[in-house]
């Protein structure tokens with residue numbers, strides 16, 4: 001598992017307990033899936049692949065925010081969203097590793113101006129779609 005922040009550290013420093021807000025969860029999910037639909041309707045050229053991966057990461061991050069909220073928490077740290085998913089679903093280790101990679105690349109793009117490798121998108125695109133489906137289904141569970 002790639003450099004995943006420890007959940008205990010998250011709980012201590014970055015997580016706040018809140019009342020689960022199922023209407024807000026539904027709203028966040030709806031917005032995330034609209035963003036996902038937009039990704040699928042938009043054509044990107046090779047020079048824009050970095051932005052495409054960044055958009056996929058935003059969808060995934062929003063779904064993770066909703067997942068935490070569904071479980072009565074808010075996080076001040078995106079890495080803690082990923083850590084919580086691992087805590088609750090360790091069987092999704094390979095998917096969580098992919099989210100961690102996406103987060104790394106997105107941060108390199110945003111903070112250092114480094115393009116996301118096109119090969120990363122080409123080899124992982126189907127996994128992005130699968131991951132969004134998994135997270136959407138987790139939000140549907142009671």
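Taken together, the values in this text are just the output of simple stated rules run on the coordinates, not laboratory data. As the structure is a computational prediction, the values presented were derived from the model and not from experiment. All Cβ positions, glycine included, derive from the backbone under ideal geometry; neighbour counts span all protein chains shown.
Restricting everything to alpha-carbon atoms, can you work out Rg to Rh for the chain with a Kirkwood hydrodynamic radius?
Working: Rg = 14.9 Å, Rh = 15.5 Å.
Value, to two decimals: 0.96.
Distance from a point 7 Å along Cα→Cβ of residue 133 to each backbone N in segment 51-73: keep the residues under 17 Å and list them by number.
Only 60 fall inside the zone, counting backbone N under 17 Å.
Ignoring everything except DSSP H segments at least 4 long, calculate the 222 nm mean residue ellipticity for the chain; use -39,500 (n - 2.57) per segment, divide by total residues, nearest 500. Let's see the in-between values first.
Details: 6 runs with 103 residues, N = 142.
That comes out to -24500 deg cm²/dmol.
Work out the FRET efficiency for residue 119 and residue 33 from their Cβ-Cβ distance, taking R0 = 30 Å, and round it to the nearest 0.05.
Numbers: r = 27 Å, r/R0 = 0.90.
Efficiency, from the Cβ-Cβ distance: 0.65.
Stretch residue 108-residue 24 to full length: gain in nm at 0.36 nm per residue minus the Cα-Cα span?
Working: separation 84, 0.36 × 84 = 30.24 nm, distance 3.04 nm.
Answer, rounded to one decimal: 27.2 nm.
Angle, helix 49-70 long axis vs. longest principal axis of the chain, Cα atoms, 0 to 90°, nearest 10?
The answer is roughly 10 degrees.
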